[in-house]
Amino acid sequence: MAKKALIYGISGQDGYYAAKLLQSKGYEVHGISHSKPALLPDVGFTQADLAGGERAYLEPLHNFAPDEIYYLAGINSHQKVIENPTLAFRVNALAPISIMQEISSNAPKARFFHASSAYIFEAKPGRVNEETAPLPNSAYGISKLSSHLMTRQFRKEGLFACNGILF
């Protein structure tokens with residue numbers, strides 16, 4: 001039986017490439033986004049507003065029963081974050097936290113990947129690695145750091161959850 005992957009943010013660049021890679025490895029892929037990805041006809045799709053009610057974006061977890069969940073969604077336009085930091089926090093922090101809580105309660109064997117960001121670190125010259133202390137200097141960075149830290153916490157509590165810091 002093929003493994004199942006659920007990708008939040010499938011209509012974005014990272015979601016597209018993740019879906020193609022997982023399909024090439026034999027996964028059954030289902031995606032969630034605000035808009036349907038035109039270039040992925042063989043992928044199941046649920047349209048959902050990640051800033052809206054939890055039910056819309058948690059229901060596919062139950063219906064699809066994935067082995068792996070990839071949270072690649074996010075509001076990353078600095079202008080949109082400045083204009084509506086509450087919306088950015090809902091999508092970038094609260095939605096992935098709600099998803100991890102749901103996985104922890106109802107699908108504890110599923111694996112969760114969270115796309116973090118280099119913006120959790122202070123913007124200054126030099127190399128950054130996982131040992132660098134986080135110090136975001138934007139609302140976007142703060143929202144991503146919140147979900148980054150909660151991903152670590154869920155991992156400490158036994159959920160297979162990990163961050164990937166995208167540069």
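Taking the chain as the region of interest, the number of lysine pairs whose Cα atoms are within less than 16 Å, with members eight or more places apart or on different chains, is 9.
Against the empirical 2.2 N^0.38 Å (N residues), the stretch 102-167 has a Cα radius of gyration ratio of 1.21. Springs join every pair of Cα atoms under 10 Å in this Gaussian network model of the chain, and among ALA123, ALA115, ALA51 the largest mean-square fluctuation is at ALA123. Between the amide H of LEU166 and those of SER116, SER117, ALA118, distances stay under 5 Å, these residues lying 5 or more places away or on another chain, with hydrogens modeled in the peptide plane. Under a Gaussian network description of the chain, with springs only between Cα atoms under 10 Å, the residue in LEU72, LEU50, LEU22 that fluctuates furthest is LEU22. Listed by Cβ neighbour count within 10 Å, with the fewest neighbours leading, LYS124, LYS3 appear as LYS124, LYS3. Residue order for ILE142, ILE32, ILE120, fewest other beta carbons within 10 angstrom first, comes to ILE142, ILE120, ILE32. If you sort the three axes of the alpha carbon gyration tensor as a ≥ b ≥ c, you get a/c of 1.5 or more for the stretch 59-137 and a/b no higher than b/c, which makes it oblate.
When every alpha-carbon pair in the stretch 4-166 is counted, what percent end up more than 20 Å apart? Taking all Cα-Cα pairs of the stretch 4-166, the fraction more than 20 Å apart is 49 percent. Here r is the Cβ-Cβ distance between MET1 and GLU131 and R0 is 30 Å; the resulting FRET efficiency, rounded to 0.05, is 0.15.
Here the gap between ARG55 and ARG155, fully extended at 0.36 nm per residue and compared with their Cα-Cα distance, gives a gain of 33.6 nm.
For the stretch 18-73 versus the stretch 111-167, the spacing of their alpha-carbon centroids is 22 Å. In this simple spin-label approximation, HIS34 and ASN63 carry label points 7 Å from Cα along the Cα→Cβ vector, and these lie 2.1 nm apart.
Read the figures in this text as sums done on the coordinates, not as results from a lab. Just so you know, these numbers come straight off a predicted model, no measurement behind them. Backbone-built Cβ (ideal geometry, glycine too); neighbour counts: all protein chains shown.
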